[in-house]
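Below: one structure, written as structure tokens.
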Amino acid sequence: MDAPEFYSTFAGLYDALARHGPGVGHLRESLADTLAPDAGDAVVEFGCGTGANHRHLRERVGPTGRYVGVDFSPGVLAVAWDRERADGAAFVRADATRPPITPGSVDACCAAFVSGMLADPAEAVEAWADLVGPGGRLALLDLARTTRPGWRALNPGFRLFVRLGSPPGTATSLSESPTAVLDGRVAAAHRTLRARCTDVTVRTLAGGFARVSAGTVR
Ligand SMILES: C[S@@+](CC[C@H](N)C(=O)[O-])C[C@H]1O[C@@H](n2cnc3c(N)ncnc32)[C@H](O)[C@@H]1O
């Protein structure tokens with residue numbers, strides 16, 4: 001089962017976790033807060049899933065702003081369309097690493113819990129930075145293992161969470177454990193954002209398991 005099929009099959013379950021999982025609303029607020037789009041801005045979210053970030057971003061861009069979610073899984077997009085379109089959101093089925101969006105037409109881009117799914121997250125973040133261009137805003141929210149002393153004891157539980165949340169066959173298709181791959185990809189994505197942006201904000205939340213990075217593209 002590949003990722004689009006996996007997310008389409010479990011779209012309802014994913015949506016419940018994405019909206020009601022413990023502490024997840026706070027992480028989404030933090031993403032919108034650090035992305036800090038202005039009222040009237042056009043914001044694109046890559047790997048938008050069921051649209052759980054839309055409400056948080058909509059509050060910031062207001063009625064004159066625009067939100068477009070991009071995802072390659074039809075099942076999650078169907079859930080997003082059903083619930084969010086009344087509120088002016090648009091959703092596009094496309095590969096986030098080759099978004100069908102004209103450079104310069106967007107003020108801000110973000111992605112939540114997506115970097116770890118990309119084979120080359122650094123290249124994707126470079127493409128997103130090019131898309132918003134100088135002065136545009138970019139933000140990432142991701143989970144990875146914590147390095148905080150008081151919390152490291154929970155890393156085995158996090159490994160299990162990653163394994164259960166990955167499409168079947170992921171572990172055998174990778175040369176390292178899915179969690180090690182996730183950690184490496186998240187680090188690469190956030191490193192690239194820091195290299196491409198000024199004015200960088202970095203937050204670690206949820207005991208160090210969640211990282212938010214945001215900045216203004218140079
Ligand atoms: C863990 S979910 C996160 C969904 C949403 N961002 C959220 O915060 O709830 C990852 C999402 O990224 C999407 N995705 C992963 N790789 C993608 C790609 N290359 N292009 C488009 N969507 C992608 C998946 O279909 C899935 O909906």
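Things worth noting here:
- Within the stretch 121-146, the only residue that satisfies the criterion of being surrounded by fewer than 24 Cβ atoms within 10 Å (Cβ to Cβ) and either near the ligand (Cβ under 10 Å from one of its atoms) or aromatic (Phe, Trp, Tyr) (or both) is 143.
- Candidate set from the stretch 123-146 (those that are touching a helix residue (DSSP H, G or I) at 6+ places or on another chain (Cβ under 7 Å) and part of a strand (DSSP E or B)); member that is farthest from residue 37 (Cα to Cα): 142
- Against the list (1) surrounded by 14 or more Cβ atoms within 10 Å (Cβ to Cβ); (2) without any contact (Cβ under 8 Å) to a residue 12 or more places away in the chain; (3) within 24 Å of residue 15 (Cα to Cα), the condition residue 112 fails is (2).
- Test: residue in the stretch 78-100 that is away from the ligand (no atom under 12 Å from the Cβ) and over 24 Å from residue 25 (Cα atoms): no
- Count - residues of the stretch 186-208 that are closer than 24 Å to residue 97 by Cα, in contact (Cβ under 8 Å) with a residue 12 or more places away in the chain and part of a helix (DSSP H, G or I): 10
- Selection from the stretch 76-109 of residues that are at pLDDT 95 or above and buried (at least 20 other Cβ atoms within 10 Å of the Cβ): 76, 77, 79, 80, 91, 96, 106, 107, 108, 109
- Residue list for the stretch 32-53, filter: within 10 Å of the ligand (Cβ to nearest atom) and either over 18 Å from residue 3 (Cβ atoms) or of a type outside the set (Ser, Thr, Tyr) (or both): 45, 46, 47, 48, 49, 51, 52, 53
- Members of the stretch 209-218 found to be out of contact with any Asp or Glu (no Cβ under 6 Å at 6 or more places or on another chain) and either closer than 20 Å to residue 117 by Cβ or part of a strand (DSSP E or B) (or both), listed by number: 209, 210, 212, 213, 214, 217
- Set side by side, the residues 61, 70 differ, and just one is within 13 Å of the ligand (Cβ to nearest atom), of a type outside the set (Gly, Ala, Ser) and either within 23 Å of residue 137 (Cα to Cα) or buried (at least 18 other Cβ atoms within 10 Å of the Cβ) (or both), which is 70.
The values are calculated or read from the model by the stated rules, or taken from the named source; none is laboratory data. Worth saying up front: this structure is predicted, and the values here are computed from it rather than measured. With ideal geometry, Cβ positions are generated from the backbone for all residues, glycine too; neighbour counts draw on all protein chains shown.
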